[in-house]
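The next block holds one structure in the form of structure tokens; read it before the comments.
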Amino acid sequence: MGKFAGRRALVTGAGAGIGRALVIKLVEMGAEVFALSKTAANLESLKAECPGVKTICVDLSDWTKTREAVQKIIPIHLLVNNAAFASVGPFLTASPEVFDHMFSVNVKAVMNVSQVVTGDLVARKQRGTVVNVSSQAGQRALVDHAIYCPTKGALDMLTKVMALELGPKGIRVNAVAPTVVLTALGRIGWSDPAKAGPMLARIPQGRFAEVEDVVNAIVYLLSDESDMVNGHILPVDGGFLAA
């Protein structure tokens, strides 16, 4: 019997990176896990690697299809809103199309999925836990992140409002705020020392986060060990935000 035996979990953005590793970890810890991604091939390879997982293929930017897909699998006791879209570029050339899409996935979809999951828990009078995956970019301005930073700042405040309203109903809501994470894409994107050097210089621990660093923080926030932690944004940043 694992720590999460008897609990049903939903992880969005589960096809790769942090989401994929988290799904595998939660299955190992005894949860019944639903992995959501818009990329069918990623879900198929995840299913092959971790046969115990159940998969959902839906594009989170589609409000109605997402809502219908999540309603089919409730109740969910452990929700991790991990999916996100990132596109960087100068403020002066930021487009309304990228703005709308990034806010749709990074903020609006979190509200959508969370409404279905937590609304059901409230109706059932059951306890639950939500963890939103934010970023250090929600608390610190970064060059070329004129849209991404505001989406994560909005997600941080949404997390706190959810905690305020849902806490009395037995549902805790927190977020993690990682620095650069060395996923497969992260290793490629930050492989250039000219790009990585200035960021590393601002991290007291002198390294970027590994996927496991973020997964472990999420697992803590999902678990009963963090039962009095509610409405917090937990940096997983090696001290970046302290500097």
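Straight-line reach from LYS152: which aspartates and glutamates have Cα under 16 Å away, leaving out those fewer than 8 places along the same chain?
Within the straight-line limit of under 16 Å, LYS152 reaches these aspartates and glutamates: ASP100, ASP144, ASP237.
So how far apart, in nm, are the two label points at GLN126 and ASP192 if each is 7 Å from Cα heading toward Cβ?
Label at GLN126, label at ASP192, 4.8 nm between them.
Checking the cross-link filter: which aspartates and glutamates have an alpha carbon closer than 19 Å to that of LYS25, excluding same-chain neighbours under 8 positions apart?
Reachable aspartates and glutamates: GLU44, GLU49, GLU210, GLU212, ASP213, ASP224, GLU225.
Label-point separation (nm) for ASP100 and LEU241, each offset 7 Å from Cα along Cα-to-Cβ?
Here the modelled spin labels are 3.1 nm apart.
If the chain between MET111 and ARG207 were fully stretched, how many nm would it gain, using 0.36 nm times the residue separation less the Cα-Cα distance?
31.3 nm
Given LYS47/LYS108; LYS65/LYS108; LYS3/LYS38, which pairs have Cα atoms separated by over 23 Å?
In this structure, LYS47/LYS108; LYS3/LYS38 exceed 23 Å between Cα atoms.
Using alpha carbon centroids, what distance separates segment 137-194 and segment 40-96, in Å?
16 Å
Hey, what number do you get for the chain at 222 nm if only DSSP H runs of n ≥ 4 count, each worth -39500 (n - 2.57), divided across all residues, to the nearest 500?
Details: 9 runs with 101 residues, N = 243.
Mean residue ellipticity at 222 nm (helix-derived): -12500 deg cm²/dmol.
What size of dipole, in debye to the nearest 20, comes out for segment 107-243 about its Cα centre when the only charges are +1 on Lys and Arg C-beta atoms and -1 on Asp and Glu C-beta atoms?
300 debye
Run the quick spin-label model on ASP144 and GLU225: label points 7 Å from Cα toward the beta carbon, then report their separation in nm to one decimal.
Calculated label separation equals 3.7 nm.
Every number here is computed from the coordinates shown, using simple stated rules; none is lab data. As the structure is a prediction and not an experimental result, all values here were calculated from the model. Every residue, glycine among them, receives a Cβ derived from its backbone with ideal geometry; neighbour counts consider all protein chains shown.
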